[in-house]
Amino acid sequence: LKAAATKEEKPFRKSILNAWYGDTIRKYDKEEEFWPSRLEPSVSPLWGIFITAYAKKWLFKLASKVKGWYYSDTDSIICLDTPENRELLAEFNKTVQAKVKIFCDKYGYDYEKLKALGTFKVEAEIKRLKVWTTKTYAYEKTDGEVVLKAAGLHQKEEATSEIFNKKELDYHGKV
């Protein structure tokens, strides 16, 4: 869903994907009872815990093998760009795609449309990285473009290399 979107469509499509996930989880009311978020029955909130834990298990398994792991989040990593790391990511992607294929075959979904779900891809080659806190970081691409990421914000203004002048965590080199 996100991969096929234009830059303008990505926040909207990501919201839809998150909403589908959220619709499967029951909400907890003040009377300490669970109730469905929609008219249709839903699953226990424990599903959210299991899904997150399962994703982190795979992410940490990958992290233990990758060299030069600088930052990761739910669906992204920033690490050294080496042939070995690219091979590890390719192997990880094959494993995920096999699981997606099984799911699609079992439930009748179009695998070609979903095969990239849960996989990693190289989105940028960067030369500098600055991390302030979780979900708040900036990087400079090898072409000089500076990208600022901050949780909950859809960055429209352009960041400049001045952001790297502060003394917080800096890394200089190919990542």
Could you pull out the residue among 116, 98 that is within 22 Å of residue 64 (Cα to Cα), open to solvent by 40 Å² or more (accessible area, probe 1.4 Å) and either without any contact (Cβ under 8 Å) to a residue 40 or more places away in the chain or part of a loop (DSSP other than H, G, I, E, B) (or both)?
-> 98
Of (1) open to solvent by 50 Å² or more (accessible area, probe 1.4 Å); (2) outside any helix (DSSP H, G or I); (3) polar (S, T, N, Q), residue 72 satisfies every one except (1)
Looking at region 119-129, which of its residues are touching a helix residue (DSSP H, G or I) at 6+ places or on another chain (Cβ under 8 Å) and either outside any loop (DSSP other than H, G, I, E, B) or at positive phi (or both)?
-> 128
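The values are calculated or read from the model by the stated rules, or taken from the named source; none is laboratory data. This is a predicted model, so every value here is computed, not measured. Cβ atoms come from the backbone with ideal geometry, glycine included; neighbour counts cover every protein chain shown. The area values use the complete protein model at the heavy-atom level, side chains included, leaving out ligands, DNA and RNA. Shrake-Rupley method; radii C 1.70, N 1.55, O 1.52, S 1.80 Å.
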